[in-house]
Amino acid sequence: MTERLIVFDTTLRDGEQSPGATMTEDEKIEVARQLVKLGVDVIEAGFPAASPGDLAAVARIAREVKGVVVCGLARANDADIDAAWEALRFAESPRIHTFIATSPIHMEYKLRKTPDEVVELAYAAVARARRYVSDVEFSAEDATRSDPDFLCRIFATAIQAGATTINIPDTVGYATPEEFAQLVRFIIEHTPGIERVVVSAHCHNDLGLATANTLAAVQAGARQVEVTINGIGERAGNTALEEVVMALHTRRDYYGGILPRIVTEQLVPTSKLVQRITGIHVQPNKAIVGANAFAHEAGIHQDGMLKHRATYEIMTPQSVGWEASRLVLGKHSGRAGFTARLRELGYGDLPRERVEELYQRFIALCDRKKTVTDADLIAIVEEQLSQVPERYQLLGWRAHSGSDGRAEAWVKLKVDGQEREASATGNGQIDALFKAIDRLVGHQCELEAFHIEAVTPGEDAQGEVSVRLRCGEAVYNGRGVATDIIEAGIKAYLMALNRSALVTTEVRR
Ligand code: KIV
Ligand code: ZN
């Protein structure tokens, strides 16, 4: 038996309160539409009394976004509640969410009100909101630092005034899971009328406990969770929608089948949209939606994954909207992961010795690059496949140049098994290096083409150089790949020379 859990998304209200997360009206509409696709039950679209812009954005969402409850936040005063109604009046299913602080510190220093006055304000606010809408949520701000008996009193009053959802916020992210569950249970057991309303949990992540606290509240009887995409929100953020949803799905054995109506395959697209719009990017190791959430680098893990996915994955990447798991090739990857990726790239039939040699080159590249991409791998394989016996082997090089364009270069090669070195000057480093090589090799070919391109993105990209040498009637192409573009040029030049040396041991004009 599954029991429904209401997902109240506050990305556009509490989430937008993240420093730097301000969204334009159009962007809010785009996010709201995606939230409907994701299947959330309630969208808290904003705080209409906060500014004319907020009111306009909530009003537009109320008018244009259907198939979901649209909610507006209001402090417990007439002006805020009236503004919320003004914004929500054209919503298909409007909800007014009113709140007042209930902790001693907030009542005394922020509100400068007695507990009795706060209870009166709560009653009046809910009653006024009920004159406009039948769906009214009441929150006791800073509930986790409030007196539990006082919470029961104010919640009972709000229910009497017509509240249909009672929200228990851990406003400052202070609670621990056991404590929060205890508080929720206490409120459910001691608040008259609570059986007629939905109990909700709203957690902040100041101690990194928002998801744990929200799940603990669900276990204690809460049937609405207030969450944001990627966990964005005030300070350390709010509970992340994707984490709660996937915990309930993945551990339904533990949570007894209390499930939200979320289309889990939309989690990653929604996360990416919110990242793009707010400019707040999740860390790579963020649960569910981080770039590494389904990436495996360690050799042992890759080997396990190739044998049976469930060895290292508790949910499928597709179930949350990723295309596939990623076996990341890095220096911890073993031969199994490396060979599997070669096969995926279409190099399945390489002889074992070639694969071993490629693997050694790959490991050497890993010491220079953080991540080895498919393009890097293709470059390594292609270079090996196009290799010819090396009459000229590069042992070392150095080059300097200055603003006058003059360059000096030194090159050390193995030529027919003998180490030889030469220096030269030239018009730029490549020119000087190629002249030094020419001295050692003694050829008289002409460089017809020299082409540079970065084959992989990023600072540690590999560069590729291709050259064309004309030696009399014959033309020889060479290609070189290296993280240093100058070295890639030398490799390309030597490949072309080695090819020419295959045909004739001494190239003459
Ligand atoms: O964190 C909080 O207390 C809030 C309330 C307005 C629900 O965001
Ligand atoms: Zn909040």
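The number of residues in region 285-312 being of a type outside the set (D, E, K, R), open to solvent by 80 Å² or more (accessible area, probe 1.4 Å) and not in a loop (DSSP other than H, G, I, E, B) comes to 2. Does Ser333 meet the test of being in the same structural domain as Gly442 (by TED's automatic domain parsing), without any contact (Cβ under 8 Å) to a residue 60 or more places away in the chain and in a loop (DSSP other than H, G, I, E, B)? When the stated conditions are applied, Ser333 does not pass them. Among the conditions (1) under 22 Å from Ala220 (Cβ atoms); (2) within 16 Å of ligand 2 (Cβ to nearest atom); (3) buried (at least 24 other Cβ atoms within 10 Å of the Cβ), Arg145 misses just one, which is (3).
Among the residues of region 196-226, those identified as part of a helix (DSSP H, G or I) and either more than 16 Å from ligand 2 (Cβ to nearest atom) or within 19 Å of the chain's Cα centre (by Cα) (or both) are Arg196, Ala210, Thr211, Ala212, Leu215, Ala216, Val218, Gln219, Ala220.
Residues in region 50-78 that are touching a strand residue (DSSP E or B) at 6+ places or on another chain (Cβ under 6 Å) and among the hydrophobic types (A, V, I, L, M, F, W, C): Ala57, Val58, Ile61, Ala62, Val68, Val69, Val70, Cys71, Leu73, Ala74, Ala76.
Leu215: away from ligand 1 (no atom under 16 Å from the Cβ), open to solvent by 10 Å² or more (accessible area, probe 1.4 Å) and within 25 Å of Val172 (Cβ to Cβ), yes or no? Yes: the conditions hold for Leu215. The residue that is nearest to Trp410 (Cα to Cα), counting only those in region 374-398 that are open to solvent by 50 Å² or more (accessible area, probe 1.4 Å) and modelled with pLDDT under 85, is Glu390.
For region 227-247, a tally of residues being away from ligand 1 (no atom under 16 Å from the Cβ) and either surrounded by fewer than 24 Cβ atoms within 10 Å (Cβ to Cβ) or assigned to a loop (DSSP other than H, G, I, E, B) (or both) returns 3.
Answer yes if at least one residue in region 196-206 is in contact with a Pro (Cβ under 6 Å, 6 or more places away or on another chain) and within 18 Å of Asp9 (Cα to Cα), and no otherwise. Yes - at least one qualifying residue is present in region 196-206. Per the listing Thr164, Thr176, the residue uniquely within 40 Å of the chain's Cα centre (by Cα) and either within 11 Å of ligand 1 (Cβ to nearest atom) or surrounded by fewer than 17 Cβ atoms within 10 Å (Cβ to Cβ) (or both) is Thr176. State whether the residues of region 222-234 include one that is at pLDDT below 95, closer than 21 Å to Leu183 by Cβ and not hydroxyl-bearing (Ser, Thr, Tyr). Yes, some residue in region 222-234 is at pLDDT below 95, closer than 21 Å to Leu183 by Cβ and not hydroxyl-bearing (Ser, Thr, Tyr). Among the residues of region 207-237, those identified as over 16 Å from Val42 (Cα atoms) and of a type in the set (A, V, I, L, M) are Leu207, Leu209, Ala210, Ala212, Leu215, Ala216, Ala217, Val218, Ala220, Ile232, Ala236. Just a yes or no: is a residue in region 173-195 in a strand (DSSP E or B), out of contact with any Cys (no Cβ under 9 Å at 6 or more places or on another chain) and modelled with pLDDT of 95 or more? No, because not a single residue in region 173-195 is in a strand (DSSP E or B), out of contact with any Cys (no Cβ under 9 Å at 6 or more places or on another chain) and modelled with pLDDT of 95 or more. If you scan region 317-359, which residues turn out to be among the acidic types (Asp, Glu) and at pLDDT 75 or above? Passing the criteria: Glu323, Glu353, Glu356, Glu357.
The values are calculated or read from the model by the stated rules, or taken from the named source; none is laboratory data. Since we're looking at a predicted model, the values are computed, not measured. Heads up, the Cβs are rebuilt from the backbone with ideal geometry, glycines too, and the neighbour counts pull from every protein chain shown. Remember, those area values only see protein heavy atoms, side chains included, never the ligands or the DNA or RNA. Shrake-Rupley method; radii C 1.70, N 1.55, O 1.52, S 1.80 Å.
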